[in-house]
Amino acid sequence: MPLSLEDRTAITELLSTHGHLFDAGELDRLDELFTADVIYDISDFGQERPLAGIAEIREASLALGSANPVGHHVTNVVLAELDEGRVRALSKGIGINADGTSGSVTYEDTIVAGDGGWRISHRKVLARRVPLGGK
């Protein structure tokens, strides 16, 4: 069965909520975004291994401290159903830093349906450093 309009809206709102929670420092609410066993891969930013679980994401965010962006903005959301209850989400992120500089990323997410609604079970964050898809 194709992904319903209601599911598409809920997933898009889930992706948008990421920026609101992180920017407000509401790291105690990450269970509203992620499954308990989420894999969060930020190896493109030099992290040796993917973060595993909500606690590691929270700890890494706190450790980054004032180097965290002050604004996370999600755009260009494209959803594709993988199978019943699993969706691939591809989106763009723009991060605004306290000094006014910005950066662009691509989020590659696997989102799953559960008792609490849709949650991100796997996220890979890819830095966009070169235009036109260059490496």
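The values are calculated or read from the model by the stated rules, or taken from the named source; none is laboratory data. Predicted model, so just to flag it, every value in this text is computed and none were measured. Reconstructed Cβ throughout: ideal geometry from the backbone, glycine too, with neighbour counts over all protein chains shown. All accessible areas refer to the heavy atoms of the entire protein, side chains included, with ligands and DNA or RNA removed. Shrake-Rupley method; radii C 1.70, N 1.55, O 1.52, S 1.80 Å.
Structural remarks
- Any chance ASN76 is in contact (Cβ under 8 Å) with a residue 12 or more places away in the chain, under 18 Å from LEU14 (Cα atoms) and exposed (fewer than 15 other Cβ atoms within 10 Å of the Cβ): yes
- Residue that is surrounded by the most Cβ atoms within 10 Å (Cβ to Cβ) [pool: residues in the stretch 30-42 that are farther than 22 Å from GLY103 by Cα and out of contact with any His (no Cβ under 6 Å at 6 or more places or on another chain)]: VAL38
- Selection count, the stretch 43-67, where residues are open to solvent by less than 40 Å² (accessible area, probe 1.4 Å) and assigned to a loop (DSSP other than H, G, I, E, B): 1
- Here ARG29 does not qualify as within 18 Å of VAL87 (Cα to Cα) and at pLDDT 95 or above.
- Scanning the stretch 8-34 for residues that are over 12 Å from the mean Cα position of the chain (by Cα) and β-branched (Val, Ile, Thr) turns up just one, THR9.
- Applying the criterion of being of a type in the set (Lys, Arg) and in a loop (DSSP other than H, G, I, E, B) to the residues of the stretch 92-135, the residue that is nearest to ILE57 (Cα to Cα) is ARG129.
- Any chance GLU84 is within 19 Å of SER4 (Cα to Cα) and open to solvent by 50 Å² or more (accessible area, probe 1.4 Å): yes
- Residue match in the stretch 100-121 (condition: open to solvent by 70 Å² or more (accessible area, probe 1.4 Å) and of a type in the set (A, V, I, L, M, F, W, C)): no
- Leading residue by the ranking (nearest to GLY117 (Cα to Cα)) among those in the stretch 1-29 that are of a type in the set (A, V, I, L, M), open to solvent by 40 Å² or more (accessible area, probe 1.4 Å) and not in a helix (DSSP H, G or I): MET1
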